[in-house]
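What follows is a single structure, written as structure tokens, with notes after it.
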Amino acid sequence: MNTTEQKKRILSAVQPSGNLTLGNYLGALKNWADLQEDFECIYCVADLHAITVRQEPAVLRKKSLDTLALYLASGIDPKKAAFFLQSHVPEHTQLSWVLGCNTMFGELSRMTQFKDKSQKHADNINAGLFTYPVLMAADILLYQADLVPVGSDQKQHIELARDIANRFNSVYSPTFTVPEAYILKSSARIMSLAEPERKMSKSDPNANASIFMLDRKDDIIRKFKRAVTDSEAVVAADPNRPGIYNLINIYSCLTGKDEKEIEREFEGKGYGDFKLAVGEACADALAPLQAEFDHLTKDKAYLDEILREGTEKASWIARKTIQKVYRKVGFYQSQK
Ligand code: TYM
């Protein structure tokens, strides 16, 4: 096995802006845990990003620590990965300013997430919502990350981070590693249970549309039972039948079975049996994680200690990058 120095580096983050969903787990956290043996991993709780939408301060504080606990409960070993809160490493905002001066207004105007969120929050289309992808590029480029494991909704942001890195490197000489998105086909886009044409989202006001990582078994079973499907009543992986297709995909991610195996397993059976099986597989996968979460959140001193260690490591890398960037753009540095 490689030494840490030779391993490629991974950076990723989740916004603590609500209750994490099965989409966050399958699209991000589960993959992070699977990657930790082979990569040097840095995982951030993106609290700066969260305030682009109005947050209740006490709730944000709690969700930030809960998100850290969910990272750990998902099986990511703090000995193998660094964890920190974005607001604890001020270099994110410092780099964000410099990168913002190397990002075009037109590029940011094309971001689909900005368009979606401005529609959803028409009363609060703030400048942070617009420049959000620059901060995300700073998160990634600050750590010279090689790979960024995310769901497919973040692909456009990572492409922008690549464009910004390439532009900066060509104007100021090579400075940043140009990152690549790491997106698994199967878990890239977990869809809503109520409207399977839309992605499952922690900000969906309909609680039945999403499975939350901390939902208890009864709720999970009930929500899958009510999941929107169609009238064909045949368990077949057909992308034109988005409801059942999504459930097959979820079942596949949870059990490791492929589409054909699943179709065979439920041949001649109705949607009722299938939905129950998906619900049980989901509850079984989440139960140990929930027990670990309950245990971890009782020990704030331990969580703080993980943060202290992770922040120290992240800050060391971040400081090196920001010094290099400041020098390259021509900021005068006093002689020591
Ligand atoms: P966020 O908080 O919306 O989502 C966190 C992660 O979960 C993935 N995800 C999904 N994957 C599959 N199906 C879904 N329904 C689903 N919903 C969410 C997201 O793709 C993401 O990987 N801007 C980011 C947070 C961020 C970040 C970063 C990510 C800030 N800085 C730097 C990577 C690198 C966000 O809002 O993710």
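The values are calculated or read from the model by the stated rules, or taken from the named source; none is laboratory data. Since we're looking at a predicted model, the values are computed, not measured. Cβ atoms come from the backbone with ideal geometry, glycine included; neighbour counts cover every protein chain shown.
A compact table of results
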read-out	value
Residue that is farthest from A314 (Cα to Cα) [pool: residues in segment 165-201 that are away from the ligand (no atom under 13 Å from the Cβ) and among the β-branched types (V, I, T)]	V171
Any pair with Cβ under 8 angstrom, 6 or more apart, that starts in segment 261-273 at a residue that is at pLDDT below 95 and ends at one that is surrounded by fewer than 15 Cβ atoms within 10 Å (Cβ to Cβ)	G270/A233
Elements of type helices (runs of 4 or more DSSP H) in segment 77-166, at least 2 residues being modelled with pLDDT of 95 or more and among the β-branched types (V, I, T)	91-100, 127-142
Lone qualifier among H49, H88 - being farther than 30 Å from M191 by Cβ and either in the same structural domain as H157 (by TED's automatic domain parsing) or surrounded by fewer than 22 Cβ atoms within 10 Å (Cβ to Cβ) (or both)	H88
Sole residue being surrounded by fewer than 19 Cβ atoms within 10 Å (Cβ to Cβ) and within 30 Å of V98 (Cβ to Cβ), chosen from V228, V178	V178
Residues that are polar (S, T, N, Q) and not in a helix (DSSP H, G or I), drawn from segment 321-336	Q333, S334, Q335
Cross-chain or 6+ apart pairs with Cβ under 7 Å, segment 198-209 first and assigned to a loop (DSSP other than H, G, I, E, B), then more than 10 Å from the ligand (Cβ to nearest atom)	M200/A209; K202/N19; N206/A194
Among the residues listed as A69, A33, A50, the single one being among the aliphatic types (A, V, I, L, M) and out of contact with any Leu (no Cβ under 9 Å at 6 or more places or on another chain)	A33
